[in-house]
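The values are calculated or read from the model by the stated rules, or taken from the named source; none is laboratory data. No experiment lies behind these values; they were computed from the predicted model shown. With ideal geometry, Cβ positions are generated from the backbone for all residues, glycine too; neighbour counts draw on all protein chains shown. Side chains are part of the model used for accessible areas, which takes the heavy atoms of the whole protein and leaves out ligands, DNA and RNA. Shrake-Rupley method; radii C 1.70, N 1.55, O 1.52, S 1.80 Å.
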Amino acid sequence: MKLITINTWQGRLQRNLDAFIKDEQADLICMQELCSAEELTNNAAAWTQFATLQTLQRSSSLEYNYFSPTNSYDLMGEEVGFGNGILSRQPMSDVKTIFTCGEYHKVTAANFVSNVRNAQIVQILVGKDLVWVVNYHAHWEPNPKGTEASLARMKKFATALQNLSGPLIVVGDFNVTATSDSLRYLKEALSIRSLTEESGIQSTMSNALTPWEVACDHILVNDQIEVKSFSVDNRLVSDHKALIMEFETNVKT
């Protein structure tokens with residue numbers, strides 16, 4: 001099974017991202033900074049940036065979607081949601097969204113709240129095994145090592161996952177390096193490893209678009225996931241690079 005995780009940068013490079021998704025034909029796509037707007041999907045190309053979920057579902061030919069907004073706002077008389085999303089070839093079960101900071105809100109000029117964060121938790125069938133897949137966009141601070149706030153929210157996130165048993169994949173934009181206190185805590189709490197760290201990746205940012213150079217995007221797996229391949233793709237699709245993993249399950253009975 002092929003999995004892609006990508007921070008979509010609110011669809012700013014949607015044409016590039018769409019071509020990339022068509023080319024890769026993944027089975028599972030986890031996205032952060034994702035916009036969703038059903039009524040704008042077939043509107044003028046200038047507006048489909050706000051319907052990235054719908055556009056990529058069409059180009060990927062993946063049947064199932066799950067969207068978890070952190071906020072929404074009005075655009076051209078239609079509601080645009082912003083948050084995390086998953087596209088899957090397989091049905092998703094036990095779907096759940098948890099908030100690690102703040103709560104969903106409708107954005108107006110007077111009430112925008114930054115750093116509202118949530119995570120999506122789903123199960124999918126891989127072969128004969130049910131696999132937990134968690135898609136997260138973590139707390140942001142300018143320091144890639146994070147802060148006490150980063151650590152506190154990661155602890156809340158880890159606590160929500162500690163009762164998950166079986167094969168586990170945790171992906172997303174964690175906004176910190178693998179050696180930060182917060183990601184170190186997550187790895188130890190859940191007995192998972194970062195493929196970004198193991199591969200020696202120095203940055204998952206698209207340097208043509210951002211001055212940041214930090215390996216903040218991660219795919220983390222436990223020992224019941226057998227990784228067949230892992231790569232960080234250099235095609236320009238966002239201010240972040242896409243991470244790609246092919247995997248099977250390795251459940252010992």
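Remarks
- Some residue of the range 37-46 being over 17 Å from the mean Cα position of the chain (by Cα), crowded, with 19+ Cβ neighbours inside 10 Å and touching a residue at least 40 places away in the same chain (Cβ under 8 Å): yes
- Meets criteria (crowded, with 21+ Cβ neighbours inside 10 Å, in contact (Cβ under 8 Å) with a residue 12 or more places away in the chain and part of a strand (DSSP E or B)) for Glu33: yes
- Every pair of residues 6+ apart whose Cβ atoms lie under 8 Å, when the first sits in the range 6-24 and is under 14 Å from Leu62 (Cα atoms) while the second is small (Gly, Ala, Ser) and surrounded by 15 or more Cβ atoms within 10 Å (Cβ to Cβ): Asp18/Ser59; Ile21/Ser59; Ile21/Ser60; Lys22/Ser59; Lys22/Ser60
One line per residue, one yes/no per condition, for (1) within 29 Å of Thr210 (Cβ to Cβ); (2) part of a loop (DSSP other than H, G, I, E, B); (3) out of contact with any Gly (no Cβ under 6 Å at 6 or more places or on another chain); (4) small (Gly, Ala, Ser):
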position	(1), (2), (3), (4)
Ile98	yes, no, yes, no
Val113	yes, yes, no, no
Ala152	yes, no, yes, yes
Lys156	yes, no, yes, no
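Rundown of residues vs (1) more than 22 Å from Cys101 (Cβ to Cβ); (2) polar (S, T, N, Q); (3) in a helix (DSSP H, G or I), yes/no style:
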{"position": "Ala160", "(1), (2), (3)": "no, no, yes"}
{"position": "Asn163", "(1), (2), (3)": "no, yes, no"}
{"position": "Val176", "(1), (2), (3)": "no, no, no"}
{"position": "Ala189", "(1), (2), (3)": "no, no, yes"}
{"position": "Glu197", "(1), (2), (3)": "yes, no, yes"}
{"position": "Ser203", "(1), (2), (3)": "yes, yes, no"}
{"position": "Pro211", "(1), (2), (3)": "yes, no, no"}
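- Contact annotation: residue pairs with Cβ atoms under 6 Å, 6 or more positions apart or on different chains, pairing a residue in the range 186-212 that is under 30 Å from Leu164 (Cα atoms) with a partner that is open to solvent by less than 20 Å² (accessible area, probe 1.4 Å) and acidic (Asp, Glu), are Thr204/Asp217.
- Taken together, the residues in the range 101-111 that are part of a strand (DSSP E or B) and under 15 Å from Tyr136 (Cα atoms) amount to 1.
- Leu183 being in a helix (DSSP H, G or I), at pLDDT 95 or above and buried (at least 23 other Cβ atoms within 10 Å of the Cβ): yes
- Residue match in the range 112-120 (condition: surrounded by fewer than 17 Cβ atoms within 10 Å (Cβ to Cβ) and among the charged types (D, E, K, R)): no
- Failed item in (1) at pLDDT 95 or above; (2) farther than 24 Å from Trp132 by Cβ; (3) open to solvent by less than 70 Å² (accessible area, probe 1.4 Å); (4) out of contact with any His (no Cβ under 7 Å at 6 or more places or on another chain), with Pro144 passing the rest: (1)
- Hits in the range 186-222 (condition: modelled with pLDDT under 95, open to solvent by less than 30 Å² (accessible area, probe 1.4 Å) and either more than 18 Å from the chain's Cα centre (by Cα) or closer than 19 Å to Ala152 by Cα (or both)): Thr210
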